[in-house]
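First up is the structure itself, then whatever we jot down about it.
Derivation of every value follows stated rules applied to the coordinates shown; laboratory data play no part. This is a predicted model, so every value here is computed, not measured. Cβ coordinates were reconstructed from backbone atoms using ideal geometry, including for glycine residues, and neighbour counts include every protein chain displayed.
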Amino acid sequence: MSALTRLIGFRYLKRGRILALAIILTLSSTLFSITAFSLLGFYRGFTAYLGEGEDVIAIYNRKGSTPFTGLVPAYLAEKVGSINGVIACSPEAVAPCIVKGESIFLRGIIPEDFAKLNQLAIFDGSMLEPDDVNSVVVGRNAAERLNLKPGDEILVLGVLADRYLQLQVKGIYESHSVMDDEVLAPLYVGQWLRGTDYGHVTLIRVKIDRSVVSPAAILEEVAREASEPSQSQDSGRKPEGLIMSWPRASFRVEDIGVEEAQMFMKSYLDRYGVTRESLLTLSAIVFLFSSATVAAASKTIIAQHEGEINVLRSLGASRKLLKGDMLARLLPWSLIASSIGAALAVAVLKVIQGYGLLQVVSHTVSIQLDPLTIALNFVLVFLLVSISVLRADME
Amino acid sequence: MLLRKRGMVSSILAVALLVAILASTNSIVNYIDLQVQTLGGLVNLSRTYLVLGGNATSITDSQVDARLARKLSNLSCVGYMLPQKMLTVNLTSGSSNLMVQMRGVESDAFFKARKAYMNGTAAKNWMEANVGEILARRFSIGLGDEVSLSFGGRQAKVRVVGVFVSQTQSDAELVVPMETANVLDGNNNTVSFIEFSLKDGVSVQEAVNRIVQTLPENVKLVQAQQMGEFAQQMSIQTLVFLNVWSLAVYAAIAAASYVVAARLIIESSYELAMLKALGAKKLTPFTLVFTYTTTVAFIGSILGTALGTVGAQTASTILRWIQPDVDMVPFLKAEQALQTLLLTLASSILGCMHPALKSTRTGHMGQPL
């Protein structure tokens with residue numbers, strides 16, 4: 001130990017040469033962090049798309065190949081809404097569309113029901129009213145991307161259905177969620193664009209009091225409705241805040257899923273093997289693929305200091321001591337490099353995001369500093385430098 | 001001489017692994033892109049088109065010559081043809097006064113095209129109107145009601161002769177014969193837009209080309225359903241991010257090449273010094289280092305492209321064994337492989353430039369022989 005302390009006082013490694021290794025470590029860390037932050041940001045945004053927390057559940061069509069393409073009977077919202085313990089029930093018709101040549105998602109909602117699940121702050125114009133029919137409110141990001149302001153008339157072109165609509169922008173909202181990339185419209189508008197009748201919606205989001213009711217109890221109610229449909233008054237009842245009635249539609253209970261909203265979205269990604277762990281592993285693989293460069297840089301440093309190492313060896317320093325000393329000198333650099341790499345990645349991603357280039361399925365990917373990613377970055381850099389130095393030939 | 005250096009294999013591997021990241025990511029993105037395009041193709045695309053004013057961003061600010069409809073209807077490829085005038089009018093019904101969207105059309109053809117269910121009859125003259133069910137329910141407008149319409153100082157009184165449902169935006173509109181819309185607008189010569197469909201069986205591309213030739217320059221043709229455009233934008237979003245991300249990989253390749261060149265200079269210091277001592281030109285070490293690094297980058301790029309593509313395909317096969325639902329077949333396009341090769345070479349040249357130039361400045365006097 002004392003020998004190592006004495007050796008540390010002897011500065012034989014040249015800073016300029018260490019800098020090359022530090023730059024390579026920084027770039028590798030940046031690469032890893034950009035990959036991990038963006039992939040995990042997408043994963044988090046996608047899974048939180050319908051809401052976070054155990055108290056938000058989704059009633060959806062199991063057969064839908066994407067969360068946006070399934071259809072469920074709209075009147076189930078009314079049935080489920082009357083169950084004790086259900087706080088809010090929001091039927092939603094989600095439809096992709098084209099506005100001003102840009103792809104965007106429009107979500108048909110019943111404003112008062114939607115407001116119980118998502119808090120929206122209107123910062124320009126006004127919010128949708130129950131009697132609005134040809135108006136929309138636009139998320140802040142979408143408004144910036146499409147250059148929209150209240151009062152603007154827009155031509156909306158359908159994607160899933162042969163529809164075109166003329167709508168007026170009523171307000172711009174901010175939700176600090178993926179909703180900021182969407183357009184909200186009265187439920188009918190979503191149904192028109194989705195190409196469905198007034199009796200179906202894409203999904204129903206439900207907020208429940210877990211101490212009173214569970215998702216299983218809601219599924220039971222849905223199953224009961226499938227086997228013994230409740231009698232309707234005329235062709236269907238008109239829920240409050242809705243103009244058109246919801247006709248009773250027959251359905252098979254095995255087609256309907258009732259699940260925690262976040263789990264519902266996760267299950268879609270799971271189908272394709274996309275999990276948080278697999279994305280982190282993928283990012284780590286990207287880092288490991290750049291490890292050969294780090295190893296080469298470490299070897300280069302040792303080769304560049306061959307003369308100094310030989311002098312120290314001839315003065316009696318053991319290989320073990322030299323390797324320990326080199327590690328002690330390089331590790332702080334490595335940690336600084338990985339920190340700079342992570343910070344650089346965040347900066348790069350923020351810039352890309354600022355230019356609207358960080359989008360997946362027309363939704364901005366939010367960047368969040370994940371402690372696990374940062375820790376993994378440090379660990380990988382530490383291991384890589386340690387292995388490279390310890391395996392180095394110091395003859 | 002320099003190619004025999006023992007570090008060459010590890011140098012090639014360092015570049016190859018970085019290129020493999022790019023190749024595997026590109027191959028997976030290609031597959032996803034293909035899936036998006038295929039899914040887009042599965043949607044039965046409509047044959048409905050709109051002719052709008054050239055500078056129009058919405059229907060209400062669009063103006064098209066009304067005679068254009070007659071011209072288009074003469075084309076054999078055109079199915080139904082609906083010239084329409086869209087106005088936001090003030091509607092007074094009883095004590096209610098509201099702004100509504102009004103559509104002037106040829107009523108019978110319009111409701112037939114919309115496959116609308118009608119309670120009552122389609123409006124036959126300029127004193128009659130049809131109301132969409134959403135609008136009728138919202139403002140309690142019933143069959144037989146008289147409503148007053150005003151637009152730009154002009155007024156008209158119409159009687160509701162039918163309430164309809166079409167599952168389209170017209171359910172929230174007032175639909176009147178074109179004469180009524182012309183009276184309110186005070187202009188018989190223009191319409192807001194022309195909606196038409198292509199006949200079944202005609203080639204879309206040929207028909208569109210023919211129609212475009214017929215149209216004047218001050219109008220534009222828009223397809224109502226934009227599945228292709230949407231799918232394309234999804235791909236572009238992924239590609240844009242991938243391209244930006246690739247910059248970080250190419251930066252790493254440049255840094256790797258710097259290391260490769262620096263290591264070569266150290267390990268070949270004897271040979272380089274000997275060459276200089278024997279009278280080699282000043283540029284010779286530069287050429288040697290440059291050639292070595294670009295050779296490493298070239299071989300590394302080819303190896304990495306193969307490794308990345310095969311690696312992604314192997315991984316997807318293993319994934320298919322574990323999860324039979326996941327059927328992924330990554331592939332790389334030839335032009336992508338070429339682009340990767342060229343960009344790798346460019347990054348490599350950039351990376352090796354500093355050590356290569358430095359090698360020309362080092363004299364042989366201080367070098368060990």
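Each Lys and Arg Cβ is given +1 and each Asp and Glu Cβ -1; about its Cα centre, the protein assembly as shown then shows a dipole of about 3720 debye.
Farthest towards the positive end of the charge dipole of chain A, among the residues A:Leu155, A:Asn84, A:Leu279, is the Cα of A:Leu279, using unit charges on the Cβ of Lys, Arg, Asp and Glu. When all alpha carbon pairs of region B:1-116 are counted in 5 Å bins from zero, the resulting P(r) reads 2, 7, 9, 11, 10, 9, 8, 7, 6, 5, 5, 4, 4, 4, 4, 3, 2, 1, 0, 0 %. Of the peptides B:172-181, A:151-160, B:8-17, the ranking by mean beta-carbon count within 10 Å, highest at the top, reads B:172-181, B:8-17, A:151-160.
A Stokes-Einstein calculation at 37 °C with viscosity 0.692 mPa s, built on the Kirkwood radius of chain A over Cα pairs, returns a diffusion coefficient of 134 µm²/s. Neighbouring Cβ atoms from other chains, within 10 Å of the Cβ of residues in B:248-254, number 6 on average. Normalised by 2.2 N^0.38 Å, with N the number of residues, the alpha-carbon radius of gyration of region B:48-225 equals 1.04. For Cα pairs less than 8 Å apart in space and 6+ apart in sequence, what is the mean separation divided by the residue count of chain A, i.e. the relative contact order in percent? Relative contact order for chain A comes out at 28 percent.
With respect to chain A, whose longest principal axis is taken over its alpha-carbon atoms, helix A:319-354 is tilted by about 30°.
Each pair of Cα atoms in chain B enters the Kirkwood radius, and Stokes-Einstein at 4 °C and 1.567 mPa s then converts it into a translational diffusion coefficient of 49 µm²/s. Membrane-span-like helices in chain B, defined here as complete DSSP H runs extending at least 24 Å along the helix axis by their C-alpha atoms with mean Kyte-Doolittle hydropathy no lower than 1.0, are B:8-42, B:227-267, B:283-322; this is a sequence and geometry rule, not a statement about a membrane.
Evaluated with a Cβ-only charge set (Lys, Arg +1; Asp, Glu -1), region B:48-225 carries a dipole of roughly 120 debye about its Cα centre, given to the nearest 20. Across all directions, the average projected area of the convex hull around the alpha carbons of region A:248-292 is 4.4 nm². Per residue of B:221-233, other chain Cβ atoms within 10 Å of the residue Cβ number 6 on average. To test your reading of the geometry: what angle, between 0 and 90 degrees and rounded to tens, separates the Cα axis of helix A:371-390 from the longest principal axis of chain A? Between the helix axis and the principal axis of chain A, the angle is about 20 degrees.
What the pair-distance distribution of region A:102-195 shows, using all Cα-Cα distances binned every 10 Å from zero, is 18, 57, 25, 1 percent. Scoring B:62-72, B:249-259, B:302-312 by mean Cβ neighbours within 10 Å over their residues and listing the highest first yields B:249-259, B:302-312, B:62-72.
Highest mean first, what order results for B:107-114, A:193-200, A:304-311 on Cβ atoms within 10 Å?
Top to bottom by mean Cβ count within 10 Å: A:193-200, B:107-114, A:304-311.
Residue by residue along A:186-198, Cβ atoms of other protein chains within 10 Å of the local Cβ number 3 on average.
Bins of 20 Å, beginning at zero and ending with the bin holding the largest distance: percent of Cα pairs per bin for the protein assembly as shown, please. With 20 Å bins starting at 0, P(r) equals 14, 37, 27, 15, 6, 0. Gyration tensor analysis over the Cα atoms of region A:283-378 returns equivalent ellipsoid semi-axes of 40, 13, 11 Å (largest first, whole Å). The residue list B:Leu184, B:Leu82, B:Gly144 was ranked by how far each Cα lies along the charge dipole of region B:48-225 toward its positive end, using unit charges on Cβ atoms, and B:Leu82 comes out on top. Under a model in which nothing but the beta-carbon of Lys, Arg (+1) and Asp, Glu (-1) is charged, chain B shows a dipole of about 1380 debye around its Cα centre. Counting other Cβ atoms within 10 Å as a rough exposure proxy, the listed residues A:Tyr268, B:Tyr49 run A:Tyr268, B:Tyr49 from fewest neighbours to most.
When the Gaussian network model of chain A links Cα atoms closer than 10 Å, the mean-square fluctuations of A:Pro215, A:Pro332, A:Pro150 top out at A:Pro332. Only one residue of B:Val222, B:Thr25, B:Val158 has its Cα farthest out toward the positive end of the dipole of chain B, where Lys and Arg carry +1 and Asp and Glu -1 on Cβ, and that residue is B:Thr25.
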